[in-house]
Amino acid sequence: MLPYLVAAIILIGLPTLSVAVRYREYRKFLAGAFFVSSGMQFYFYLAKIPIPLIWTGAVQPPELSAARGTIHFVLFLVCLYFGWFFRAKPRANEDGSGSPAC
């Protein structure tokens, strides 16, 4: 199972991270997604609802939901800052003129 998870992180996670770094609108979307996800995970924890994992006999305990909710809330704050509030400064040319070189 672990090799499949590592392969999924590499094949799906790295391109997603690359898009999130380049496009501000994508970071705004991720902020909303992480906010909803963290809220649901905290709800599952507070209501003590175990979550069955599809196609397995395993169950995610509510304590794991709390940990996931915390991680997703931190990711929400990071995406919120870099998606909505942070403005990158325009790059100046090396000669100091600020105009693009031809």
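The values are calculated or read from the model by the stated rules, or taken from the named source; none is laboratory data. The shown structure was predicted, so the numbers you read here are calculated from the model rather than taken from an experiment. Counting neighbours? That spans all protein chains shown, and the Cβs are built from the backbone with ideal geometry, glycine included. Protein only, heavy atoms only, side chains kept; ligands, DNA and RNA dropped before computing areas. Shrake-Rupley method; radii C 1.70, N 1.55, O 1.52, S 1.80 Å.
Please list, ordered by residue number, the helices (runs of 4 or more DSSP H) wholly in segment 1-68 having 1 or more residues that are at pLDDT below 85, within 16 Å of residue 79 (Cβ to Cβ) and open to solvent by 90 Å² or more (accessible area, probe 1.4 Å). Working first, answer last.
Details: elements: 2-8, 14-22, 24-46.
Passing ranges, in order: 14-22.
Scanning segment 23-52 for residues that are among the aliphatic types (A, V, I, L, M) and under 19 Å from residue 13 (Cβ atoms) returns 30, 31, 33.
Filtered by the rule that a residue be free of Cβ contacts under 8 Å to residues at least 12 places away in the same chain and of a type in the set (Gly, Ala, Ser), segment 65-91 gives 67, 88.
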